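Reading through the structure tokens given below for one structure.
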There are 2 protein chains.
Amino acid sequence: MSQSYRVAILGATGAVGTELLSLLESRNFPVASLKLLASPRSVGKTLTFKGEALTVEPLSEQAFANVDLVLASAGGSLSRQWAPKAVEAGAVVIDNSSAFRMDSQVPLVVPEVNAQAAAHHAGIIANPNCTTILMSLVTWPLHQVQPIQRLVVSTYQSASGAGARAMEEVKQQAQAILNGEEAIAEVLPYPLAFNLFPHNSRLTEAGYCEEEMKMLNETRKIFGVENLRITATCVRVPVLRAHSEAINLEFERPFDVAQARAILSQSPGVRLVEDWQANYFPMPIEASGQDDVLVGRIRQDLSHPCGLELWLSGDQIRKGAALNAIQIAELLVAKRWLAVPTLA
Amino acid sequence: MSQSYRVAILGATGAVGTELLSLLESRNFPVASLKLLASPRSVGKTLTFKGEALTVEPLSEQAFANVDLVLASAGGSLSRQWAPKAVEAGAVVIDNSSAFRMDSQVPLVVPEVNAQAAAHHAGIIANPNCTTILMSLVTWPLHQVQPIQRLVVSTYQSASGAGARAMEEVKQQAQAILNGEEAIAEVLPYPLAFNLFPHNSRLTEAGYCEEEMKMLNETRKIFGVENLRITATCVRVPVLRAHSEAINLEFERPFDVAQARAILSQSPGVRLVEDWQANYFPMPIEASGQDDVLVGRIRQDLSHPCGLELWLSGDQIRKGAALNAIQIAELLVAKRWLAVPTLA
């Protein structure tokens, strides 16, 4: 006798939403029933789950009745509006938006890093930002051996980070440019095909954009190190899917490269991709569709006696979003931290 | 009465070579005669200079007779072979390859940074690597106010850095992918369209690739600071032309952001591109074809009290190669550091 759960996906038709659906099926999550919810624009659309056609339903006060688990990926404002109602109705919400991430009542969880934090939820658990998840996976195992003193990261973020429409736009722009025509930007502020630009999220007063502030603040919260010194430069690049990051780490004492490599080759959710002879390292096309974050080019920083350089590529939609959310759900199930299990 | 010079371009048909030709014309360099030299593959091709068709000639011992100035851009092995012969024949060589850059007898020159170094040449002057030129232009003016203590850079390098054929290959790959076909990589080791990868230059023992070592060693030589602490991660991105760089600088004392901005807005060869309201900063498509290196996103590093973050985009073929070489030639002319002027 196994337990199964009544699940709802909020924002089922988006890039992350469809991946959530596919992962629930492929990972054989114990689903008793599945409800697809979305904004009016998508209501009535049909998606398939385990061979069964499901129709997208509208959001409403009643939509969360008899739901144990909500996987929310419909943006911050919808989450802010509906997640508390879902909790009121008795569900646990795993929220992929930034709405609750820095809320002190809400655990921010990467299961490989701080699974235990999920135990103390009050109905909502936040899924971190994609770039943060990828970075925390490869830096946390090193941080366990020697606390990180400072972290400098530059990102190479794919169009998927701006959603399915941005991915489509980049392809259209590329075709236009190849045809000698003008590239039109509607979803993103500037043409991204054969171009790149600093991440276009809102700029804060300090000159960091929100995407960068997420990397700073969320990593601190996940690591439980309030004053962890991090700086980030986030950049959108004309890659369709999977983000990459160049990470510079400073420690208090030298970090042996061979040890770092040994640690990361055994870390959960991480795959060491390094062929120094062949100049073969993580690439976004190879990280796409993969569960693991690929890491490589681990080397001693020549500018700092206690520095280490790393390079990663990871699927933004999978481990950077949907997979991490599903892993949180699996964690809740395994630990019996989901509130209202239904006997199947 | 003005002087003019007998010029030869070695490697005239390449991406940088054709730009050299175009800049000699557009900047009205005092050319008495122009000879185009190249490897056998390109001999017989015709290029136009000031409305006149010039045929590419083969390299030979005699090719440098009666030549005052050689602009070499045909790769390291050809430079190593032919530059000394050109000097023997009485010419001054401005070499765009890496062959002589770290030779202590050879000045390595960015005119805005260390023009005076060119005075002491012994026939060969080296043009630095593209990423180094761009970085030195925006960091040198700050270094004058407060010496840089450490520099961490991540690059976003366009296909043009691997030559005209790589640019063509990226376009073909993009079209293949848009057609649902496989992207074929022949010039570069991996598909670059909608992908990116760590720079594919040879890896050194320390785990840095040669492109990265160039940034470390050449910047030290140009700045005249032998032990300048620099680390670099070089990455090829699917941009056609113009490189970008995320630069983290550490100083001994805090560097006022407003002051940094004021300095860079008045630095030669640099253009400040910052509209914080519109989230508008340097982009490779806007840097392409520009003489100036675009710099922006200047901000206080939140991870370091004396840190500064910068972002730049600069045309790899222009200021990153051909323009810098022509500026060195103009400098030699202006300072009368060219050996054998011819009266016109």
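The values are calculated or read from the model by the stated rules, or taken from the named source; none is laboratory data. On a predicted model such as this, the values are computed, not experimentally measured, just so you know. Cβ placement follows ideal geometry from the backbone for every residue including glycine, while neighbour counts extend to all protein chains displayed. For accessibility, only protein heavy atoms count, side chains too; no ligands or nucleic acids. Shrake-Rupley method; radii C 1.70, N 1.55, O 1.52, S 1.80 Å.
A single member of A:216, A:203, A:196, A:228 is open to solvent by less than 10 Å² (accessible area, probe 1.4 Å) and either of a type in the set (Ser, Thr, Tyr) or closer than 20 Å to residue B:282 by Cβ (or both), and it is A:196. Is it the case that the range B:241-254 has a residue that's farther than 30 Å from residue A:227 by Cβ and modelled with pLDDT under 95? Yes, the range B:241-254 has at least one match.
Filter the range A:39-81 down to the residues that are open to solvent by less than 70 Å² (accessible area, probe 1.4 Å) and touching a residue at least 60 places away in the same chain (Cβ under 8 Å) and list them by number. Residues satisfying the conditions are A:67, A:68, A:69, A:70, A:71, A:72, A:73, A:74, A:75, A:78, A:79. Restricting attention to the range B:177-192, the residues that are more than 8 Å from chain A (Cβ to nearest Cβ) and surrounded by 15 or more Cβ atoms within 10 Å (Cβ to Cβ) total 6. Do we have residue A:174 as outside any loop (DSSP other than H, G, I, E, B), within 11 Å of another protein chain (Cβ to nearest Cβ), open to solvent by less than 20 Å² (accessible area, probe 1.4 Å) and over 27 Å from residue A:105 (Cα atoms) here? Yes; evaluated as a whole, the condition is true for this residue.
Within the range A:15-31, if we keep just the residues that are in contact with a Leu (Cβ under 9 Å, 6 or more places away or on another chain) and not β-branched (Val, Ile, Thr), the residue that is nearest to residue A:73 (Cα to Cα) turns out to be A:17. Is the range B:150-167 home to any residue that is assigned to a loop (DSSP other than H, G, I, E, B), under 17 Å from residue A:285 (Cα atoms) and either facing another protein chain (nearest Cβ under 8 Å) or open to solvent by less than 20 Å² (accessible area, probe 1.4 Å) (or both)? Checked the range B:150-167: no residue is assigned to a loop (DSSP other than H, G, I, E, B), under 17 Å from residue A:285 (Cα atoms) and either facing another protein chain (nearest Cβ under 8 Å) or open to solvent by less than 20 Å² (accessible area, probe 1.4 Å) (or both). Among the residues making up the range A:288-326, a single one is without any contact (Cβ under 8 Å) to a residue 60 or more places away in the chain, more than 10 Å from chain B (Cβ to nearest Cβ) and open to solvent by less than 10 Å² (accessible area, probe 1.4 Å): A:294. Residues that are among the small types (Gly, Ala, Ser), closer than 20 Å to residue B:99 by Cβ and assigned to a loop (DSSP other than H, G, I, E, B) within the range B:21-75 comprise B:39, B:60, B:73, B:74, B:75, listed in sequence order. The set of residues in the range A:3-15 being in contact with a strand residue (DSSP E or B) (Cβ under 9 Å, 6 or more places away or on another chain) and either open to solvent by 30 Å² or more (accessible area, probe 1.4 Å) or farther than 16 Å from residue A:336 by Cα (or both) consists of A:3, A:6, A:8, A:9, A:10, A:11, A:12, A:13, A:14.
Going by the structure shown, is residue B:184 outside the structural domain of residue B:85 (by TED's automatic domain parsing), assigned to a loop (DSSP other than H, G, I, E, B) and under 30 Å from residue A:304 (Cβ atoms)?
On the way: outside the structural domain of residue B:85 (by TED's automatic domain parsing): yes; assigned to a loop (DSSP other than H, G, I, E, B): yes; under 30 Å from residue A:304 (Cβ atoms): no.
No.
One residue stands out among those in the range B:88-114 that are part of a loop (DSSP other than H, G, I, E, B) and open to solvent by 50 Å² or more (accessible area, probe 1.4 Å): the one that is farthest from residue B:218 (Cα to Cα), which is B:105.
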